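Structure, as structure tokens:
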Amino acid sequence: YRAEIDLPAKHEEKFMEQENSISFYHKSSIPIDLHWEITGRYLLCPVYMDTFADRIESTLFFERDIFSIPDDIMLVYLCVHGTSHCWERLEWLCCFIELLNRQNEETIFNALNFAEQINAKRIFLLGLFLGQSVLEAKYPANVQSVIEYDDGIVKAGEKISSQMFDTGSDSGHDSSAGAAWRFSPLHVMIRDSLKDKIGYLVFLLTMPTVKEWSKYPIPYTLTPFYRVIRPFRLAWLFLVGNKLERSFFSSGYKRVKEMVAKKRMKGRGLFFTCFIYLPGRFIEKFLSNSCILINKYIFNKYINKQRLERFHDSHDHIMDHHFYMIGMPGKIDFLEASLELIHNKINLFVILNGVKEGEKKQITKKFPDLPVFDLSTFYSSSIPHGEVINLLMQANEKPFGLIDHDLYIFNDQIFSQLDFNNDEFISGPFEIHNQKAELTFPATFFLYINTPIVKKIMNKYNIGAQIYTRIPSRLLPILNDMNLGYDNFLKGYLNYFDPFNLIFAMAFYEGYKAKILKKNEKDMIHLGGHATDEIIQSKEKLKQVIDSIRQ
């Protein structure tokens with residue numbers, strides 16, 4: 001066997017101070033790695049063998065006694081190792097969970113304490129989160145009660161689990177393709193503190209590796225300069241690359257080349273792609289995200305809330321068993337046909353969300369006696385549906401209803417069936433069932449909301465009616481107990497919680513019930529559930545459908 005690097009004795013001593021292992025190779029046999037620090041120097045607190053020398057265990061392996069790391073430390077090591085490689089292999093997660101399943105609560109708590117001592121608590125919690133979200137692992141109740149997944153752990157876990165089974169993904173690392181995987185943002189975001197994040201970055205950029213030691217032999221007295229050589233070598237790789245790794249520029253060039261090829265297939269040239277399409281997409285995305293934030297934190301919070309309160313005050317005489325219909329840009333024809341059926345049969349308000357002035361006039365002219373509230377929004381933008389519902393929840397204390405703009409109600413007797421029993425928090429006529437969680441709830445295109453109960457749920461769990469693509473970490477254990485979570489959202493065919501769905505889930509957890517009203521196609525029809533793209537995209541066909549509904 002020959003060592004992967006041939007160093008003079010003094011250099012070798014220095015190398016062993018800074019590294020954690022060395023590999024030996026034989027042309028006719030498997031390689032051997034000798035380790036004297038178990039975390040691969042992935043942590044700023046190295047874990048040397050003498051840390052647990054007095055606790056080394058002995059186990060029988062192929063009729064031979066071999067030494068083994070204590071189980072609590074092994075659990076932490078498996079999480080450190082898996083995270084250091086971005087958990088690219090399901091095998092590593094299975095090993096961790098199988099070992100965990102064999103432990104008592106004391107050992108698991110010892111592992112959690114050890115992880116905290118070496119600044120690897122969030123790394124250990126990431127392993128626990130992946131065990132629950134990927135393998136549906138169940139932990140002892142006392143252990144589950146102290147687990148706290150913060151948003152960073154959840155975000156990292158979501159990304160890892162989404163890529164773990166993607167055989168076409170290039171997110172995993174390949175030892176034959178360089179070490180770019182070491183610079184994954186995951187390695188920084190999963191650290192326990194800001195100090196650890198900064199320390200790891202400095203360590204990663206300056207601590208020499210075998211490549212520096214072997215490629216740049218220098219006198220022993222100058223070995224500290226390896227810390228200077230390394231960042232320059234990394235910068236060269238980033239800008240220029242080598243035979244195994246693409247540089248930043250070559251990777252970017254490849255992506256642009258592929259994009260240009262796709263646009264050329266559609267008759268677009270290089271100039272259009274680089275100077276019109278790409279800048280346009282960037283500006284569009286930037287403005288879209290900016291509008292969402294401006295509408296939420298400025299217009300809704302400081303303008304719409306006060307305006308809506310004054311609007312309600314001016315219509316106090318119909319603020320009982322009242323309903324809202326929300327009109328969206330380009331959807332006024334849907335809304336107008338729906339209003340024709342019920343506008344004079346219930347206490348109804350129209351909320352216009354980012355519609356143009358001409359669309360607003362179309363409604364106010366056709367229904368002059370109907371109360372219409374035009375939401376203030378940033379120029380040519382609208383507010384996400386869930387945020388509009390949040391605004392309505394804040395502005396109401398009594399029960400109220402929501403009706404989609406493309407829901408057509410032919411039997412107004414349905415409105416007399418909405419009142420709640422004591423333990424009911426929501427009612428509606430369209431039933432959805434989650435088989436895995438065994439929960440039945442109404443679809444959101446017709447809801448009657450028991451406002452006091454729902455506001456109580458929202459305040460208790462600090463949640464809203466908006467879409468949740470990421471589940472608040474504090475709610476994960478509760479949802480897992482309900483057979484809900486990242487592997488099963490309330491609407492099982494979605495990979496997120498739809499508007500109001502997280503409120504539904506927590507209300508069910510609190511023991512409240514949903515009231516499902518009996519209905520048939522003669523009572524009402526939701527066009528969104530029946531319309532095809534062909535109908536929606538054709539004004540002529542859409543007009544025919546709406547006219548048939550009117551008739």
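The table that follows gives values for the structure above.
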quantity: The lone exception for Pro46 - which of (1) free of Cβ contacts under 8 Å to residues at least 40 places away in the same chain; (2) farther than 24 Å from Arg227 by Cβ; (3) under 35 Å from the mean Cα position of the chain (by Cα); (4) open to solvent by 30 Å² or more (accessible area, probe 1.4 Å) it fails; calculated: (2)
quantity: Ile432 vs. criteria open to solvent by less than 50 Å² (accessible area, probe 1.4 Å), at pLDDT 95 or above and not aromatic (Phe, Trp, Tyr); calculated: no
quantity: Boolean, Pro329 is more than 21 Å from Ile383 (Cα to Cα), part of a loop (DSSP other than H, G, I, E, B) and open to solvent by 10 Å² or more (accessible area, probe 1.4 Å); calculated: no
quantity: Cβ-Cβ under 6 Å pairs, at least 6 apart or on other chains, the stretch 482-494 side farther than 18 Å from Phe430 by Cβ and in a loop (DSSP other than H, G, I, E, B), far side open to solvent by 30 Å² or more (accessible area, probe 1.4 Å) and at pLDDT 90 or above; calculated: Asn483/Lys436
quantity: Met506 open to solvent by 20 Å² or more (accessible area, probe 1.4 Å) and either at pLDDT below 95 or not in a loop (DSSP other than H, G, I, E, B) (or both); calculated: no
quantity: Given (1) open to solvent by less than 60 Å² (accessible area, probe 1.4 Å); (2) closer than 30 Å to Arg122 by Cα, number of the condition Tyr512 does not satisfy; calculated: (2)
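Residues are listed down the side, and each one gets a yes or a no for (1) under 19 Å from Lys518 (Cβ atoms); (2) under 33 Å from the mean Cα position of the chain (by Cα); (3) among the hydrophobic types (A, V, I, L, M, F, W, C); (4) surrounded by fewer than 17 Cβ atoms within 10 Å (Cβ to Cβ):
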residue	(1), (2), (3), (4)
Leu352	no, yes, yes, no
Phe367	no, no, yes, no
Phe378	no, yes, yes, no
Gly386	no, yes, no, no
Lys398	no, no, no, yes
Gly401	yes, yes, no, no
Leu407	yes, yes, yes, no
Ile414	yes, no, yes, no
Asp419	yes, no, no, yes
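Residue-wise test of (1) over 18 Å from Arg122 (Cβ atoms); (2) in contact (Cβ under 8 Å) with a residue 40 or more places away in the chain; (3) part of a loop (DSSP other than H, G, I, E, B); (4) of a type in the set (Phe, Trp, Tyr).
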| position | (1), (2), (3), (4) |
| --- | --- |
| Asp50 | yes, no, no, no |
| Ser58 | yes, no, no, no |
| Ile66 | yes, no, no, no |
| Ile73 | no, yes, no, no |
| Ile108 | no, no, no, no |
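The values are calculated or read from the model by the stated rules, or taken from the named source; none is laboratory data. All figures in this text were calculated on a predicted structure; none of them were measured in a lab. Please note: Cβ atoms are built from the backbone with ideal geometry, for glycine as well, and neighbour counts cover all protein chains shown. Areas reflect the complete protein model, heavy atoms only, side chains present, ligands, DNA and RNA absent. Shrake-Rupley method; radii C 1.70, N 1.55, O 1.52, S 1.80 Å.
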